[in-house]
Amino acid sequence: MASDKVRIGMIGAGGNFVSRHIPGFNQVKGAELVGVSNRSRQSSEKIAKEFGIPNVYDSWIDLIEDDDIDAIAIGTWPNMHCPITLLALENGKHVLTEARMASNSTEAQIMLDASKENPNLVCQIVPAPFTLSIDKKINDLLLNGYVGDIISIELASNPGAFVNKDSPFQWRHDIKYSGNNIMMMGIWYETLMRWIGPAKSVSAMGQITVPYKKNNDGIYQSVEIPDHLDITCKMACGAQASIKLSSVIGLNPKNEVWIYGSEGTIMINGTTLEIHGGKKSDKSISKIEIEQEYFVEGLKGLPAGWRVEEDFVNSILKGSPVIHSPFDVGVKYMEFTDAVSISAREGKVVNLPFRS
């Protein structure tokens, strides 16, 4: 690898790559997009032509085994993240994988173990994006005692839409491709961990309101992933958390987190990126200003806080530590994901972590 350039090959360059990763890498001085391999040759050639990428590969294995590529960016469905990562590391490639990290925590742990066996290679997961621009302010408020001791967290995420029985079957409905990942659960849990830390026990209930949907061929397929989920957690910090995730609750759109403490309350709006709060002496909450030094800008034309590609390349070229998000964080949210699935399926409390 040239000391001032990282040559990147993309596997599964879909919507997120077009909207974020490709524009992001194109703004990073030390990055060069040199290859692509999608599920079809036609799709690969379309991306290559649109963005001026010189090499198209018939298989992801061929791309990884190309000695002219230094790093692999993975945008496939979660079921492929583990095998692609393992082969990439075996071939001496740095890895940036789209979230969620894997199908389950077993695969995630295998990926983490492989990364530890290759400490010279950077391994990064695309982070939960919602609050990247304001996390610094939220952590400052919590660490400096704005709410005091945290007692309770309430998180709600839903688009405010009713059940749609005519929506098509997609990969997110299929455990074979999505694994145990459910809606925005992993994204929001990763976000909570940045502020509050991990959970130590989980109890969950889930619903599948439409058990069958038509695929692109007009054939009904069984939906295996819940579209409504209620989770209760005991957090390691001692607080309790209530998490509601749904794509089928009508007329009440929410994307917010409430943090209640002994001295105050904070509300974070994940859509507007506003923070509201109040102390014991206040009659109600009010908007908390986010000073410029706390706000993280995104790369040009990308959402606030979005610097994923820059961080990845800087970790490779400058040795900067991976902050958003290292593989050990991915294992934690995948263990939470598995715990929720087990609890919802078996009706029991599941303790975390799985591994000491």
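Identify which of the listed values of percent of Cα pairs over 33 Å apart was calculated from the structure shown: (i) 37; (ii) 43; (iii) 32. Computing percent of Cα pairs over 33 Å apart and matching it to (i) 37; (ii) 43; (iii) 32 gives (iii).
Here the contact order of the chain, divided by its residue count and restricted to Cα pairs under 8 Å and six or more residues apart, works out to 21 percent.
Can you give the angle from 0 to 90° between the axis of helix 185-195 and the longest principal axis of the chain, with both taken from C-alpha atoms, to the nearest 10? Between helix and principal axis, roughly 70 degrees. Counted by Cβ distance under 10 Å from residue 179, the other residues give a net charge of -1, where Lys and Arg count +1 and Asp and Glu count -1.
Amide H to amide H, with H built 1.01 Å from N, residue 274 comes under 5 Å of 269, counting only residues 5 or more places away or on other chains. Separation of the alpha carbons by more than 29 angstrom is noted, of 49/332; 116/300; 93/332; 200/283; 176/332; 136/200, for 49/332; 116/300; 200/283. When DSSP beta bridges are restricted to pairs lying wholly in the chain, around 65% turn out antiparallel. Of the GluC sites (Glu not before Pro) found in the range 74-129, those in coil by DSSP whose Cβ has at most 14 other Cβ atoms within 10 Å are 117.
Ordering of 12-20, 41-49 by packing is 12-20, 41-49, highest average first (other Cβ atoms within 10 Å, averaged per residue).
A Cβ-based charge dipole, computed about the Cα centre of the range 198-321 with Lys and Arg at +1 and Asp and Glu at -1, lands at about 380 debye.
In terms of packing, defined here as the mean over residues of other Cβ atoms within 10 angstrom, the peptides 327-333, 172-178 line up highest first as 327-333, 172-178. Exposure proxy ranking for 293, 335, based on other Cβ atoms within 10 angstrom of each Cβ and starting from the fewest, stands as 293, 335. Only the Cβ atoms of Lys and Arg (+1) and of Asp and Glu (-1) were treated as charged; on that basis the dipole of the range 1-51 about its Cα centre amounts to roughly 100 debye. The range 15-67 and the range 331-345 have Cα centres lying 33 Å from one another. Where does the charge balance sit around residue 271 when Lys and Arg score +1, Asp and Glu -1, over other residues with C-beta under 15 Å from its C-beta? Summing Lys and Arg as +1 and Asp and Glu as -1 gives 0.
Peptides 312-318, 129-135, ordered by how many other C-beta atoms sit within 10 Å of their residues on average, highest first, read 129-135, 312-318. By the count of other C-beta atoms within 10 Å, a proxy for reagent exposure, 322, 340 are ordered fewest to most as 322, 340.
No value in this document is a laboratory result; all are computed from the given coordinates. These figures come from a predicted structure and were not determined experimentally. Neighbour counts are summed over all protein chains in view; Cβ atoms, including those assigned to glycine, are modelled from backbone coordinates with ideal geometry.
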